[in-house]
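Below is one structure; the comments refer to it alone.
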Amino acid sequence: MQRPGAAQFGSALEAVGVPLLALAAAALLFGAFVWFLGKDPLEVYALIYRGGFASGFSWQNTLARAAPLILTALCVALPAQVGLMIIGGEGALVLGGLAAAVVGHQLDGAPVVVVKLGMLGAGMALGALWIMAAGALRHYRGVNETISSLLLAYIAIAVFNQLVEGPLRDPASLNKPSTFPIGEANRLGNLPGLTVHWGLGLGIIACLIAYVLVYRTTIGFALRVSGGNLRAGLLAGLPTGRLVLLASALGGLAAGLAGAIEVAAVHGAANSSLIAGYGYAGILVAFIARQNPLAIVPVAILLGGISASGGMLQRRLDMPDAAVLVLEGIAFVLILACETLYGRIDWAARARALGAAKSAPLGTQAAS
C-alpha cells in the first residue's frame, strides 16, 4: 500500500535536488574556467567561502547584499504565480530608491517615523506602478511582459540618471552626482543585536507574507490557477485581468521597497550606486528557489555570499571582482536547462510499485 505523502516527498526531493545538481555543475564549469585562466580552482572556492561565510565581517557583508536580492527575487516570483515572467525589477528598484530619496529630503525635519514610513511607502508605490505597467501591457494589449518589463527597466534607469544628474542633483555632490541627502536621523538602523540593517528583516517578513498569500489564501489559489491554466481560470470565472495587475503590482512593490531600503539604510541619497544589478541577480535567486517565497531567503544569502567574495578574489588572486558574475551566469544557464528534468519521474507510480512489492508474498518476491 502506498504510504501517505510518498509522492509529495518525491516531488519535494526533486525540487531541492535539481537546483543543487545545477549549482554543482556550475561550480565544476566555473572551476574549469578559472583553471583555464591559470588559477587553482580549489583556492578560488576557498576564497569564495572566506569572503562570504567564514567570519562575522563576511556574514555582515553577505547579509547586507542578500537583503535587496530577497525583495527583487519576489518581483519575479510573485508575478510568476499568475504566469508572468517579469525581469525588469532593476527599474522598479532604482525608481523606488529615487522616490524614497526625494520624499526623505522633503520630509526632513518631520518626526522620524513619519519620514521613514514616507520613504518606504513612496518607494513601494512607484515600484508597484512601474511593474504593473508591464502587467497592463500584457493584459490589455498582449505585449510580452518579459520584453516590456526589460525595456521599462532601461527607461527607468535613463529617467533616474537624467533626474539625478539634472534637476534633483545636490550641488555639493561633485564627483558622483546624487540627490540631496535624507538626513542621518532618517536612516534605517540595524536589526537588534546585529550589524545588518533592517532591510534584511523587512525582506524576510515580505517573504513570509508572500508565502501565506500564495499558499494559504483564496487569492493565492486564484493566482496559481490562472498561472497554471489561463483558460481554466477564465472558465472558473476568475478575474484574470485583475489578478495579473495585482501580481505585477505586488512584485513591483517588493522591488521598489528594495530601492527605498538601499537609500534609507545604505547610501543616504539616490546615486549611481543604486544601479548595482540587484534586479537582475534577483531573477537567478527566484529561479533557483523555484518561485517559492520561503526558499528565496536561503538562496539570496548564498548568492549574496558569492557576490561578497568578489573583492577577495581581486585582492588575493588578481582576478576581476566581476569574476563571480561568470559563476552566477553559468548557474543561471544551467538552472534554465535543468527545467527539463522536472516531472521526469512519476513519484506516485514509484510509491505504488514499492508498496505493492512490500505487500507481495515472500515467494512471489523471491520468484520475481
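The values are calculated or read from the model by the stated rules, or taken from the named source; none is laboratory data. Model, not experiment: these values are computed from the prediction. No Cβ is skipped: glycine too gets one built from the backbone with ideal geometry, and neighbour counts run over all protein chains shown.
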### Message
List pairs: first residue in the range 54-80 and closer than 13 Å to ILE131 by Cβ, second residue among the acidic types (Asp, Glu) and surrounded by 24 or more Cβ atoms within 10 Å (Cβ to Cβ) anywhere in the structure, Cβ distance under 9 angstrom, at least six positions apart or on different chains.
### Response
THR72/GLU90; PRO79/GLU145
### Task
Take the residues in the range 274-287 that are buried (at least 24 other Cβ atoms within 10 Å of the Cβ) and not aromatic (Phe, Trp, Tyr), then tell me which one is farthest from the chain's Cα centre (by Cα).
LEU274
### Query
Scanning for something more than 24 Å from SER272 (Cβ to Cβ) and either out of contact with any helix residue (DSSP H, G or I) (no Cβ under 9 Å at 6 or more places or on another chain) or not in a helix (DSSP H, G or I) (or both), does the range 65-77 turn up at least one residue?
no
### Where a residue in the range 179-194 is of a type in the set (A, V, I, L, M, F, W, C) and its partner, wherever it lies, is assigned to a loop (DSSP other than H, G, I, E, B), with Cβ under 9 Å and at least six apart
PHE180/LEU168; PHE180/ASP170; PHE180/ALA172; PHE180/SER173; PHE180/ALA269; ILE182/LEU107; ILE182/GLY268; ILE182/ALA269
### Query
How about the range 163-273: which helices (runs of 4 or more DSSP H) wholly inside it have at least 3 residues that are within 16 Å of VAL103 (Cβ to Cβ) and either under 19 Å from the mean Cα position of the chain (by Cα) or modelled with pLDDT under 90 (or both)?
240-261
### Summary
Of those in the range 12-30 that are loosely packed, with under 14 Cβ neighbours inside 10 Å and either among the acidic types (Asp, Glu) or over 12 Å from ILE288 (Cα atoms) (or both), the residue modelled with the lowest pLDDT is ALA12
### Task
Could you tell me which numbered condition VAL103 fails, if it satisfies all but one of (1) touching a residue at least 24 places away in the same chain (Cβ under 8 Å); (2) over 27 Å from VAL297 (Cβ atoms); (3) of a type in the set (Val, Ile, Thr)?
(1)
### Summary
Per the list (1) loosely packed, with under 15 Cβ neighbours inside 10 Å; (2) touching a strand residue (DSSP E or B) at 6+ places or on another chain (Cβ under 8 Å), residue check on GLY38 breaks on (2)
